[in-house]
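The values are calculated or read from the model by the stated rules, or taken from the named source; none is laboratory data. Only a predicted model underlies this, so the values are computations on that prediction, with no experimental measurement involved. Glycine also receives a Cβ, built like all others from the backbone with ideal geometry; neighbour counts cover every protein chain displayed.
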Amino acid sequence: MGTRSGNLILNRLSDGGFRTWTRWIVTVVGGYYLVRGLAGL
């Protein structure tokens, strides 16, 4: 199920759209861990 839905999503995204979504996801995850790390100090 995950492979099939992932394949459908990737086929609908253009290369530019994929890069945009990837950039946002990586930024959000990185920001989360940065805030979590700073809160632990």
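Right, Ile9: at pLDDT 95 or above and within 16 Å of the chain's Cα centre (by Cα) or not? No, not satisfied.
The residues in region 12-41 that are assigned to a loop (DSSP other than H, G, I, E, B) and surrounded by fewer than 10 Cβ atoms within 10 Å (Cβ to Cβ) can be counted, and the count is 3.
Selection of region 1-11 for residues being surrounded by 10 or more Cβ atoms within 10 Å (Cβ to Cβ) and small (Gly, Ala, Ser) yields only Gly6.
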